[in-house]
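Only one structure is covered here, and it is reproduced in the block below.
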Amino acid sequence: MSPPEQCITTDSNDKETNKPKDEEEVDSIADWDTYKFYLSSVELSYLMIFILLAIGFSWIGKLPAIWLGIWTEHGTTTETTLYFIVYMAFCILTVIFSALVFWWFGLYVVPRSGLNMHQVLLDAYLRAPLWFLTGVDNGSILNRFSQDLSLIDQEMP
């Protein structure tokens with residue numbers, strides 16, 4: 001029996017994927033929805049500062065290579081001290097911005113998103129109907145709640 005037409009097949013070295021193309025598109029949309037949900041739990045000002053720091057890191061990270069190109073175009077035998085000092089300054093700025101991005105994300109974005117998402121999860125549990133709370137084992141609810149919290153705190157960031 002041949003596989004359905006919607007299935008994706010790969011090289012003989014790779015395993016055959018039985019996931020239809022439509023499901024992959026749904027998974028992709030679900031991934032973006034997850035990211036949007038996570039980012040919506042952070043205040044816009046904190047998110048904008050994070051984005052600006054990330055853009056600054058990306059931009060400054062290119063400067064050492066650009067400066068090195070300028071240095072080699074003008075010759076490497078004249079004013080080497082000046083070129084080297086500027087090159088090292090750009091490299092140090094790159095490291096500083098890299099640290100700032102991770103510092104801001106770890107110290108401000110992650111805790112605030114965790115607090116908001118914990119509150120959403122707790123509200124969902126507290127608003128659950130009585131038939132659900134009495135029909136499901138407390139240990140099962142606690143285990144699921146704990147797993148959700150660990151996903152929010154560790155996997156999502």
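The values are calculated or read from the model by the stated rules, or taken from the named source; none is laboratory data. It should be emphasised that the depicted structure is a prediction, and the values quoted were computed from it without experimental measurement. Please note: Cβ atoms are built from the backbone with ideal geometry, for glycine as well, and neighbour counts cover all protein chains shown. Areas reflect the complete protein model, heavy atoms only, side chains present, ligands, DNA and RNA absent. Shrake-Rupley method; radii C 1.70, N 1.55, O 1.52, S 1.80 Å.
Tabulated data
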{"read-out": "Potential extension, K62-L107 segment - 0.36 nm per residue separation minus Cα distance", "value": "13.6 nm"}
{"read-out": "Percent carbon-and-sulfur accessible area, region 78-157, ignoring ligands, DNA and RNA, probe 1.4 Å", "value": "67 percent"}
{"read-out": "Where labels lie 7 Å past Cα in the beta-carbon direction, separation of Y35 and H74 in nm", "value": "4.0 nm"}
{"read-out": "Segment Y46-Q147, length gained on full extension (0.36 nm per residue, minus Cα span)", "value": "33.7 nm"}
{"read-out": "P(r) tail fraction, region 43-157 - alpha-carbon pairs more than 22 Å apart, %", "value": "58 percent"}
